[in-house]
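The values are calculated or read from the model by the stated rules, or taken from the named source; none is laboratory data. Remember, predicted model here, so these are calculated numbers, not experimental data. Positions of Cβ are backbone-derived with ideal geometry, glycine not excepted, and every protein chain shown enters the neighbour counts.
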Amino acid sequence: MNERGYLLSRFWLIISLGFVFSSLLPLNSFAAPRRNTNDKTVYVHLFEWTWKDIALECETFLGPKGFRAVQVSPPNEHAVLPNNPWFERYQPVSYQLTTRSGTRDEFIDMVKRCKAQGVDIYVDAVLNHMSWVNRSGRSKYGVGGSPYDEYSYAGLYSPNDFHRCGKNGDDSIQNYQDRWEVQNCNLTTCADLKTESTYVRGKLASYLQDLIDIGVAGFRIDAAKHIPVTDLQTIFSMTNQSYYVYQEVIDYGSEPIKSSEYFMTGDVIEFRFARQLAHTFNSGQLSWLGQFGQTWGFVPDRKAIVFVDNHDLQRGHGGGGEVLTHKDGQKYTLANIFMLAWPYGYPQVMSSYRFNDSSQGPPSTGVTTKRVFSGSRTTCGQDWICEHRWAPIANMVGFRNYTQSTPVQKWWSNGKNLISFARGNSGYVVINKESQGSDRWFDTGLPSGSYCDVISGDVSPDGRRCTGPTIFVNEYGWAQISVGPNNAVAIHGGARPRTR
């Protein structure tokens, strides 16, 4: 072959390869959205709250306390199941914005009012499936009146839009070690959508786009590991991409689908964080926590969503049960203090309601109709827990915001369950899970002066004093700190009384 022929053959080979590779990619390229760096670093999950209550909470508490965002329950129309369990919210019937949390107009009003307070809305998006398979032979209806039947949703999906993978009439996942089953069979008995279908992708993208147009800033992708990442990538590429994505990928290391596969489409929830933190607080020693994070086998800090518990885990669902919850009292509070003081991941604070049965739905009374103050805790009535309002947790949001760009320094422990560390020269925390109190000098590294202990108080409204204990740091950066058993002390430069 002469030189010209050789060059032409190479040219056509390159062109051909280009067509092959381009056919494997979505028509519009999609880059994983990243968390924007700003002065707010914590979001809260207001589980099963109404849109009206969330809007008011943004205005009266979340905005003033410096929360960055709220994760809300799925806003799409959902099934109506016997006894109205919490998980009926995860049984889509249509993509109308009608739920037991409120109407479309109320949702739009909530987004606008929260945004005015600097608080974003993250939607829990159910894209993997529709509702439980209905084999009753009778049409059922969603909370907004939309009819549905077995693998059939009027005006939306027909049986051809779903996977049918089982034998003997059972289409549910049987083997979680089989990647194909996990991503093509029904999760429990929820009808699994063909997310590889152009039609289905278009409907899901339209739902997301509607929420984006309203002003939603981000999405938690429910059951993300049950959707091939290439399908998610294509769905996202069909929308306006100015939003944040984090994904539920339950990965404890024993299944074939890994969290790292989903880095290309957003951040991932690091479930091992909650389990290992609970193990340490329950039966280990806090002195172990000096390198807590990626060195424990977790995903990289920049990709991780972390929490002490979430709505699934506190009920023993979603690979859960081995976590701390509000039912653990002060131990739970201390674990949240550590999470918010420790610079790993993007932390979610949980806000729950009381339940005795793991399927129990939310209280019938609204959250904000009654608030009860009890010591350092603010609950929202008898049945709503409102952990995000507990003073030690709420005030640590300010600690994290103020110290966000500073590393851990001056780590110290007694070798057991008393630990302390600085965040650069911006903040200092002492956590004591011992049965005895401690009173000693600590090398805080902070500038000299007076600081308010934000675990037990805050700066007074007039800015002149602390409502709780005042900690004095000397000219060498040392402070004498007294911390009771199963308690903590935290100080930072954003919570100092004025000297004049």
* Of K327, K331, which residue is surrounded by fewer than 22 Cβ atoms within 10 Å (Cβ to Cβ), over 23 Å from Q404 (Cβ atoms) and either of a type in the set (S, T, N, Q) or free of Cβ contacts under 8 Å to residues at least 40 places away in the same chain (or both)? -> K327
* Structure fact -> Exactly one of R113, R164, R138 is basic (K, R) and under 18 Å from L193 (Cα atoms), and that one is R164
* Asked: Quick one: which strands (runs of 3 or more DSSP E) sit completely within region 361-470 and have at least 2 residues that are at pLDDT 95 or above and at negative phi?
  -> 408-413, 418-423, 427-432, 438-443, 449-452
* Please work out if F263 is surrounded by 21 or more Cβ atoms within 10 Å (Cβ to Cβ), touching a residue at least 24 places away in the same chain (Cβ under 8 Å) and of a type outside the set (G, A, S). => no
* Hey, S152 in contact (Cβ under 8 Å) with a residue 60 or more places away in the chain, under 16 Å from W132 (Cβ atoms), in the same structural domain as S94 (by TED's automatic domain parsing) and over 29 Å from the mean Cα position of the chain (by Cα) or not -> no
* Structure fact -> Selection from region 104-115 of residues surrounded by fewer than 23 Cβ atoms within 10 Å (Cβ to Cβ) and either within 18 Å of the chain's Cα centre (by Cα) or without any contact (Cβ under 8 Å) to a residue 24 or more places away in the chain (or both) yields R104, D105
* Among the residues of region 182-201, is there at least one that is among the basic types (K, R), modelled with pLDDT of 95 or more and either within 25 Å of the chain's Cα centre (by Cα) or not assigned by TED's automatic domain parsing to the domain that holds F67 (or both)? -> yes
* Which residue, of G290, G318, is among the small types (G, A, S), modelled with pLDDT under 95 and surrounded by fewer than 21 Cβ atoms within 10 Å (Cβ to Cβ)? -> G318
* **Counted residues, region 433-490 - those being acidic (D, E) and within 21 Å of R400 (Cβ to Cβ)** => 2
* **Selected residue (criterion: nearest to N474 (Cα to Cα)) from residues of region 429-446 that are surrounded by 19 or more Cβ atoms within 10 Å (Cβ to Cβ) and of a type in the set (A, V, I, L, M, F, W, C)** => L446
* **Cβ pairs under 6 Å, 6+ apart, first in region 214-239 and without any contact (Cβ under 8 Å) to a residue 24 or more places away in the chain, second of a type in the set (D, E, K, R) and assigned to a helix (DSSP H, G or I)** => none
* **Single condition Q96 does not satisfy, out of (1) in contact with a Gly (Cβ under 6 Å, 6 or more places away or on another chain); (2) surrounded by fewer than 24 Cβ atoms within 10 Å (Cβ to Cβ); (3) under 19 Å from E57 (Cβ atoms)** => (3)
